[in-house]
Amino acid sequence: MEKEIMLREIREILARGGFEIGEPLFKSISFDLIARGRDRLLILKALINIDALRSEIARELKILAKELEASPIVIGKRSAMGEILDGVIYSRHGIPILSLDTFKDFIIEGEYPMVYASPGGFYVNINGGLLRKIRIDRGISLGQLAKVAGVSRKTIQLYEEGMNATVDSALRLEDYLNVPLIETIDILDFNRYEEERYPYTPRNYEDIYQKLIEIGYDVFFTFKCPFEALSKDNRDIFLTGIGRDTKKIRYKALNLKILTHILEKEAFIIVEKSKYEEIEGVPIIEKEELMEINRKEEIRKMVRERSAI
């Protein structure tokens with residue numbers, strides 16, 4: 001119930017920020033919402049306790065974000081250490097985590113946080129090049145700044161080279177130099193596109209995987225999504241459903257219809273047998289048809305023709 005309330009508030013924030021929202025019908029998947037704004041695509045997950053974000057879910061979020069050119073964000077309420085503080089970015093497994101109010105400020109006001117939580121406390125990024133320039137221009141020694149900030153001379157050198165600083169030390173330097181040194185943190189570029197390759201290939205889909213690879217697609221299987229894979233080449237990226245239970249195909253197609261609209265991508269579902277060439281506007285490809293295809297252009301043509309039926 002608490003999560004549903006949080007999701008409702010997130011939807012309201014996104015609507016106020018001018019985002020279009022796609023919400024899968026499936027629950028218990030790697031994300032809760034996908035939102036498209038004028039110049040950004042967000043993959044969002046709501047968690048009451050951010051410690052519940054498992055590494056495999058985070059990995060899937062990062063892969064989806066990379067391949068779909070999106071940004072993953074988790075909105076949370078608390079961790080084992082206490083409430084999530086406003087104005088601070090937390091992270092788990094490389095995914096940025098915000099409080100609801102911080103997310104609201106970012107979406108509606110365009111305000112980016114400056115502080116992030118890390119083992120040992122709260123830190124900020126400072127403009128090291130500016131710090132060095134001002135120190136040299138004003139004839140201030142490393143020792144003087146070290147005394148002001150309460151750190152060593154070596155630490156001041158590392159600040160100038162780009163190392164992060166504690167909030168206290170950064171504020172002391174800003175106050176002493178009367179210059180803004182603390183930089184905002186780009187939530188959308190947070191640990192952007194860390195190199196992740198998900199090794200998950202279901203055994204019962206191995207033949208489908210090999211066929212898609214053979215005709216020229218890179219295939220990324222998922223394990224907690226409303227679709228089973230992303231099939232990608234240098235021109236297209238298809239949300240790829242695989243279905244064996246005919247009773248669930250329509251439900252899968254409905255989910256894909258929602259997601260393709262918001263993602264501005266195309267999709268198809270591979271099935272053993274079907275009397276339909278499309279369901280809910282999503283093209284259906286029989287496995288036997290797939291195995292007879294030799295060029296990816298044939299899939300592209302089939303998808304375009306059947307989605308127009």
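Worth a mention:
- Candidates Ile50, Ile108, filtered to the one that is surrounded by fewer than 19 Cβ atoms within 10 Å (Cβ to Cβ) and touching a Gly at 6+ places or on another chain (Cβ under 7 Å): Ile108
- If you go through region 25-38 and keep only what is under 12 Å from Ala70 (Cβ atoms) and assigned to a loop (DSSP other than H, G, I, E, B), you end up with Phe31, Gly37.
- Segments classed as helices (runs of 4 or more DSSP H), wholly inside region 52-147, with at least 2 members that are under 30 Å from Thr222 (Cα atoms): 55-68, 100-104
- Residue in region 277-289 that is of a type in the set (Val, Ile, Thr), part of a loop (DSSP other than H, G, I, E, B) and crowded, with 16+ Cβ neighbours inside 10 Å present: no
- When Asp39 is tested against (1) under 11 Å from the mean Cα position of the chain (by Cα); (2) among the acidic types (Asp, Glu); (3) closer than 15 Å to Glu264 by Cα, only condition (1) is not met.
- Note on region 290-309: residues that are more than 30 Å from the chain's Cα centre (by Cα) and either surrounded by fewer than 16 Cβ atoms within 10 Å (Cβ to Cβ) or not in a helix (DSSP H, G or I) (or both) amount to 10.
- Test: residue in region 273-282 that is among the polar types (S, T, N, Q) and at pLDDT 95 or above: no
- Pair list, Cβ under 8 Å, 6 or more apart: region 271-288 residue over 10 Å from Ile249 (Cβ atoms), other residue in a loop (DSSP other than H, G, I, E, B) and among the small types (Gly, Ala, Ser): Glu286/Ser274
- Of the set (1) surrounded by 15 or more Cβ atoms within 10 Å (Cβ to Cβ); (2) not in a helix (DSSP H, G or I); (3) not assigned by TED's automatic domain parsing to the domain that holds Ile10; (4) not small (Gly, Ala, Ser), all apply to Met163 but (1).
- Region 239-264, residues that are under 19 Å from the mean Cα position of the chain (by Cα) and farther than 23 Å from Leu212 by Cβ: Ile258, His261, Ile262
The values are calculated or read from the model by the stated rules, or taken from the named source; none is laboratory data. Since this is a predicted model, take the numbers as computed values, not measurements. Using ideal geometry, Cβ is built from the backbone for each residue, glycine included, and neighbour counts are taken over all protein chains shown.
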